[in-house]
Structures are given as structure tokens and as C-alpha cells.
Amino acid sequence: MGDLRGLARSGLLAGLVALSLGAAARAQDSRPQQPAPPPAQEKPPVTPQTWAIHLQATDILQYYPAFHSAFQGPNSFSPRGATGNTVDATLYAGVKPWAGGEVWGNLEMYQGFAPNNTLGAAGYVNGDGAKVGRAHPYARIARLFVRQTFNLGGEADDQDADLNALGARRSKDRLVVTAGKLNVTDVFDTNKYAHDPRQDFLNWSLITAGSFDYAADAWGYTYGAAAEWYRGDWTWRGGVFDLSIVPNSAILTSDFSQFQVVGEAERRFTLAGRPGAVRLAGFVTRGGMGRYDDAARLALATGRPADTALVRRYRSRPGAYANLELEAADGVGVFGRLGWDDGAFESYEYTDIDATAQAGLSLSGARWGRKADTVGAALAVNALSAAGHRYLDAGGLGILVGDGRLPHPGTERILEAFYRVGLAKGIDLSLDNQLIGNPAYNRDRGPVDVISLRLHVER
């Protein structure tokens, strides 16, 4: 952990982590003094909706100071320090056209650039900013999908109104089919405590399993279909999704000739009366991708930097992840993920991570009299395969990383903490700090200390 010694220089991060741990300790210490909770009352039925419109806007300002760098390359964080600002806004519109059906469309606006235009670390620091930054605002249809719910019996498990979800009556046993344009992580690898960069963690390797190389264009969306079968405390999910025409492209294939298949099993449980869930998943990506060692050998023969685009063939790349969430105490949630994919090949869509592990906690401000506040702290450790190290050392560039060479590779280690303040209903302000050790797996650079201020409005 020597590469994280910069923690001592990050007073903000140390303060946020100390606040998180202190609040957790106070939660445990104060618990015996709390009066016995009143008997649980049955939740009233949800009032079904026939249509809904929602809005959200998020403004993220980020800065990091100069840091140690022995050298840099085309995809490096600038060692001189940098700022970034991204703004996005979304209009959500949904309607119920028939029994059990929902149709949703999202129009999204983007503007600005994340630091270094979303390059420099595999666990990148802004999960809300698109890979395609522009100085002037522009809009796209982000989602346009149909969801059909077939109730199969059992006790009531109503759906509360939310973004992209109409309030609806439903049973615990049900089949849900979703098809159209969507984000794969709308359905897969969800987690109550670490999943939404507009409200919780910002880092790419904390909002999902960093090695989950899910199908997506440069804005994070794709076409496809998924089915979810809810049966008691189990859910089985499966989906097929369209890949980009080439890795990390803004254009999706028009005929699903390159695609991804994802399967997930979820088991909900209670531990000491506290709710939790565990998810296990596997995925296979089928498309034109390059083998790292083939590109490195070609570079050695030609004397040019390694480039996987020169050795791409139609191949399969498997992967898997595990995902855990648990309410550990009143207002205290813990979570973790493990992930792996085949590191012989280049990453296709998301980021350059072949194995990952993360763990963290989330605390509700209700513990200290601020019900609308949240504190979170988490650690992620990301790894690239040995073949990936050789490729980067031969001058290769990945989706987000590439320092021109990599003589001393290591694991990328990220510590993030945030405090989100509820200013008013639907308006919150977050202070976030991320410390990245060995950015882009390079022990000759960093650590990078990123401070973020995030304003989020949702109606």
C-alpha cells in the first residue's frame, strides 16, 4: 500500500473517511440507547400511474493538483494538474399504453469535458461525464424502451414511482421483459449503495464492477432486450445487447453481428433481520477484438507502437462478476464487488480492467439528525493482465489508459469518499475526493488527488 501514502497529504479525503467511520461507530454505540422500534406497519398500496414526466440535471466540477510523473503518453493524466466541468440534463417521459406495459423515452443533454477528456486512469474519476466531450451543449435520445410486466402471483410487491418507472401494482412472482435502447446496467449489476454517479460514488470502478465490459456506445447506451424472472427471493436475468462497430466507438452495429450475452442470478436474504442481496453473473462478448500479445509481437517486428486495431479478429471474450449489498445497521449499508474478464484480449466498450475488487459503506445522515444527507467511502483495486502490461509497455493505447510505456506495472488503487448534503427536496450538493494510486497501472506516476463538487437536481 506504499503507493497510497499520499493519503496523508489529502486532508479532505482523510476527513471524509474519518467522518464515515466515526458516524458508523456512533451508529453502533448509540443503538442500545434507542427505544424499541414500533411494530412494522403494512405498506399502503401504490397508486398506479398512467403517465409521468421527470427532470434531472447534474453539474460536476473537478480539480486535481500537479503530481509526480516520470513520463507521460497520449492517454495520460497531465501531471501539471487540471480542471474539468461536465453538465448534463435529462427529460424522462413515460406512459402506460396497456395493462402491465410501460414505454419510456429519455432525451439527454451534455456539455463540457471531464479532466483530460476522460483519459488517464482505468478507474476514471467522473462516471456521469460522456466519453464525447464538447464545449457547446448537444442532445441525444439516450433511452427509448418498452417494459412489460407479467404478474405470476404471490404477495404484493408494488413498484414505487421513480425515474423510468411508473407507480404500479405488481406481485412478488413476475416476469419482466425490457426491449429497446437502454443502459445494460439499468438491469444488471445494480447495487443500492454504489450505482449512481449522480448521487453516490463517481468513480467508474465503483458504480459497477470495473471489469464488466458491458455493451455500449460512447454515451453508455445500446440496443437490446432483457428478461427477468422473479420467483420468491430469487431473480434470474438474461439479456442480449448490441456492440459498437469497433471497440470504444460511438457507432453501434446495425445488425447485431457483434453482440454480448449477459446472465445474472440474484438471491435476496435477511441477516440478523437486515435485508441484503447477492448477485452472480457471467457475460460473453462476441466481436472483432485484438489479442494483446499479437499486437505486441507485431510492434516488435515493425518498430512501431503496438496497436490492437491491426490484429483484430472475430472472437469471444468471457467475464464474470459478484455483487453484494447488505444493510448492516439502521442507516448503515455495506457493499462489495468482485470482477474478472479474459485479459488476453483488449477491452471492448467500458474501460481497461481485467480484474477488480471493491468494498465500501454508505451512511444515512439520519444518524446525526440530517435525514437527507449521505456519507460514503469505498476502496477499489483494479488489475490488468500481464499481456495487457506488455501491450502498454510496447506503446499501446487502451480505451482510457496508455502512458507510452509501462516499465513498472502495478495495480491501480482508488480510495473515494463523499458527503452529500440535502439542500431541499430533490436538490443536493456533494463534496467528493478520490485518491488514485498507480494511475493507468503505472508505478512511475501519481498518486492523483481529485476533488469534486457535484450539484444534482431531480424532479
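Just so you know, all these numbers are worked out from the coordinates, no wet-lab data involved. Worth saying up front: this structure is predicted, and the values here are computed from it rather than measured. Here the Cβ positions follow ideal geometry from the backbone for every residue, glycine too, while neighbour counts run over all protein chains shown.
Values computed for the structure shown
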| read-out | value |
| --- | --- |
| Contact order normalised by residue count of the chain, Cα under 8 Å, 6+ apart, percent | 17 percent |
| Simple Cβ-charge dipole of the chain, Lys/Arg +1 and Asp/Glu -1, about Cα centre, in debye nearest 20 | 160 debye |
| Distance between modelled label sites at ALA66 and THR47, nm, 7 Å Cα→Cβ extension | 6.0 nm |
| Cα→Cβ-extended label distance, 7 Å offset, between ALA225 and MET109, nm | 3.5 nm |
| Sum of -39500 (n - 2.57) over DSSP H runs of 4+, divided by residues of the chain (222 nm, nearest 500) | -3000 deg cm²/dmol |
| Inter-site label distance for ILE245 and ARG297 at 7 Å from Cα along Cβ, in nm | 3.0 nm |
| Gyration tensor (Cα) of the chain, equivalent ellipsoid semi-axes in angstrom | 35, 28, 20 |
| Length released on extending from ARG169 to GLU155, taking residue separation times 0.36 nm less the Cα-Cα span | 4.0 nm |
| Fully extended contour minus Cα-Cα distance, from VAL95 to ARG134, at 0.36 nm per residue | 10.8 nm |
| Residue among ALA328, ASN248, ALA272 farthest towards the positive dipole end of the chain, charges placed on Cβ | ALA328 |
| Which of GLY395, SER69, VAL187, positive extreme of dipole for the chain (C-beta unit charges) | SER69 |
| For ARG312, net neighbour charge (Lys/Arg +1, Asp/Glu -1) across residues whose Cβ lies under 14 Å away | +1 |
| Sites ALA372 and VAL284 - FRET efficiency at Förster radius 51 Å, r taken between beta-carbons, to 0.05 | 0.75 |
| Gap separating the Cα centres of region 289-347 and region 132-159, nearest whole Å | 27 Å |
| Backbone HN-Hα couplings from phi across region 45-53 [Karplus 6.51/-1.76/1.60, Hz, Gly and Pro as x] | x, 6, 7, x, 10, 9, 7, 7, 10 |
